[in-house]
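Reading through the structure tokens given below for one structure.
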Amino acid sequence: MTDTARTDALTAEFQGEGPVDGAPRAALGFEAAYDAYGPMVYRLAMVYLGRRADAEDVTQEAFVRLFCRAPAFADGEHEKRWLLRVAVNLCRDQLKGFWRKRAMELEPGLPAQDPESLGLAEAIVALPEQYKGPIHLHYCEGYSVAEIGEILKLGQSAVKMRLKRGRDLLRREMEGQ
């Protein structure tokens, strides 16, 4: 495909004419998907990364990938799981990045309604990476163990163990305060 043809194809997609290849990419449509799943993707990224700017970057990149590279989805639930999987992968990539270790924290804390939820949110963010995702997806987003296993590409026994160990760490942290 020539550069001109590619530019025309991308322009057609951005102007709302849909994917050029004809395959439906977003089950709900891009704007509806962003409205429905954007806050969920942002919360998950916030749990993993703990910084508002980083979470916004991951959310934006996840939806760019939805727009440009998403497969055809069977339904909205399939699309939501795909977005969460992409967000988890982007968070892990960002946590491994060179600049992540050199960045300085500018914000004093996480946004929350009351001090109790702020303490819980900070405790979840302070968990080791392997426990953050399962805890957030199970208790904040309401996913079952089997669904979390699909999203994080883990076995059900691994998800159960991470939930148990994550709860134990949270309990110790919250009792210590």
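Taking 0.36 nm per intervening residue step and subtracting the Cα-Cα distance, what contour gain separates Arg172 from Ala53 on full extension?
Result for the pair: 39.9 nm of gain on full extension.
Which ³J(HN,Hα) values, rounded to whole Hz and listed in residue order, are derived for region 67-83 from phi using the Karplus coefficients 6.51, -1.76 and 1.60 in 6.51 cos²θ - 1.76 cosθ + 1.60 with θ = phi - 60°, glycine and proline given as x?
Karplus-based 3J(HN,Hα) across region 67-83 equals 5, 9, 10, 5, x, 6, 9, 6, 7, x, 5, 4, 5, 5, 5, 4, 4 Hz.
Which log10 I(q)/I(0) values, to two decimals, does region 40-95 give at q = 0.13, 0.14, 0.26 Å⁻¹ under the Debye formula with one point per Cα?
With no solvent term, the Cα-only Debye profile gives -0.28, -0.33, -0.97.
Amide H of Tyr143: which non-local residues (sequence gap of 5 or more, or other chain) have their own amide H closer than 5 Å, using H built in the peptide plane?
For Tyr143, the qualifying residues are His138.
Which links in Lys96/Lys164; Lys96/Lys160; Lys96/Lys132 stretch past 23 Å when you go from one Cα to the other?
Lys96/Lys164; Lys96/Lys160
Quote to one decimal, in nm, the extra length available between Arg69 and Glu150 on full extension: 0.36 nm per residue of separation minus the C-alpha distance between them. Don't skip to the answer; put the middle values down first.
On the way: separation 81, 0.36 × 81 = 29.16 nm, distance 2.00 nm.
Contour length minus Cα-Cα distance gives 27.2 nm.
Provide the packing ranking of 80-93, 153-166, i.e. peptides ordered by the mean count of other C-beta atoms within 10 Å per residue, highest first.
Working: 80-93: 19.7, 153-166: 16.0.
Going by the mean number of other Cβ atoms within 10 Å, highest first, we get 80-93, 153-166.
A short reminder: the numbers here are calculations on the coordinates, not readings from a lab. Keep in mind that this is a model prediction, so the values were computed, not measured. No Cβ is skipped: glycine too gets one built from the backbone with ideal geometry, and neighbour counts run over all protein chains shown.
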